[in-house]
Ligand code: BTN
């Protein structure tokens, strides 16, 4: 069991870069509403590639306008902002790729199995440990991606979880019993982005994305934009869409939220 008073190592750009001898452009903040919003502002003002980290967020954002709980010194709240040289059709693949590299990074440090709940929530056992919010700017005229903000929120210590959240979310330290160096974890994630375009174009990560799924072949509850229904998760297509079977009907979902149906 980890002590509640375990010493906090603060986020440190120099340390992060030192692990892989990298030269990433990293900004470390003490507090900000949202690292995604901070990063977006930098990109709109001419940055080409920047990683924004914050010790806390006062308005952390999740998918579907949900908020992302971001207490001080407790987790990793990072936004990797960059301009990939990719056509529009690759945009949906970015999220699945990032899920895989973050899962690998957590597993490497914590030695626990990390699963992916479509689209991009990372789970340890049956609880969420990380959420990813990817925001892209698209140049439709030239069929190109202008820039991408990959927002990654990871629960590292879980010391400050409110009771309600503790039922559905967990932290790396709780599940692994190991003290996690957030700087090392961030370095691993940033290293995963190396050769980003080549990795996306090769599609090699995709088999691993499917193998890590915690919903395939299971009964799930789907909440789409218009309805909620039960179905079986049949497959994840290489454009990232989820194929589900509702009765005899096959449905392809490109957006929506799913949860595994609890056993009765
Ligand atoms: C989700 O669980 O739906 C996605 C959560 C994404 C949270 C991260 S924390 C860093 C970045 N800044 C934000 O405001 N959101 C993302």
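The values are calculated or read from the model by the stated rules, or taken from the named source; none is laboratory data. Predicted model only: the values in this text are computed from it and were never measured. Positions of Cβ are generated from backbone atoms using ideal geometry, with glycine treated the same way; all protein chains shown enter the neighbour counts.
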Practice task
Output the qualifying pairs, or none if there are none: Cβ atoms under 9 angstrom, residues six or more apart or on different chains, first residue in region 27-40 and farther than 19 Å from residue 63 by Cβ and in contact (Cβ under 8 Å) with a residue 40 or more places away in the chain, second residue part of a strand (DSSP E or B) and near the ligand (Cβ under 10 Å from one of its atoms).
Solution key: 31/54; 31/57
Exercise for the section: Mind listing just one residue for me: the one in region 49-67 that is assigned to a loop (DSSP other than H, G, I, E, B), near the ligand (Cβ under 8 Å from one of its atoms) and surrounded by fewer than 19 Cβ atoms within 10 Å (Cβ to Cβ) and, of those, modelled with the lowest pLDDT? Expected result: 66
Fill in the blank from the handout: Here the residues within region 7-17 that are away from the ligand (no atom under 13 Å from the Cβ) and either under 22 Å from residue 83 (Cβ atoms) or in contact (Cβ under 8 Å) with a residue 40 or more places away in the chain (or both) are 8, 9, 10, 12, 13, 15, 16, 17
Exercise for the section: Test each condition in (1) touching a residue at least 24 places away in the same chain (Cβ under 8 Å); (2) exposed (fewer than 15 other Cβ atoms within 10 Å of the Cβ) for residue 142 and report the one that comes out false. Expected result: (1)
Exercise for the section: Identify the residue in region 70-91 that is modelled with pLDDT under 95 and not in a helix (DSSP H, G or I) and, among all such residues, is nearest to the ligand (Cβ to nearest atom). Expected result: 74
Problem - Enumeration of residues in region 28-48 that are in contact with a helix residue (DSSP H, G or I) (Cβ under 9 Å, 6 or more places away or on another chain) and more than 9 Å from the ligand (Cβ to nearest atom) - result: 28, 29, 47
Problem - Condition met for residue 185 (surrounded by 14 or more Cβ atoms within 10 Å (Cβ to Cβ), modelled with pLDDT under 95 and under 19 Å from residue 76 (Cβ atoms)) - result: no
Practice task
Filter region 235-253 down to the residues that are over 21 Å from the mean Cα position of the chain (by Cα) and part of a strand (DSSP E or B), then identify the one that is surrounded by the fewest Cβ atoms within 10 Å (Cβ to Cβ).
Solution key: 249
Practice task
Could you look through region 97-133, keep only residues that are at pLDDT below 95 and within 15 Å of the ligand (Cβ to nearest atom), and pick out the one that is nearest to residue 238 (Cα to Cα)?
Solution key: 119
Exercise for the section: Could you please find all residues in region 17-36 being touching a strand residue (DSSP E or B) at 6+ places or on another chain (Cβ under 6 Å) and part of a loop (DSSP other than H, G, I, E, B)? Expected result: 24, 25, 34
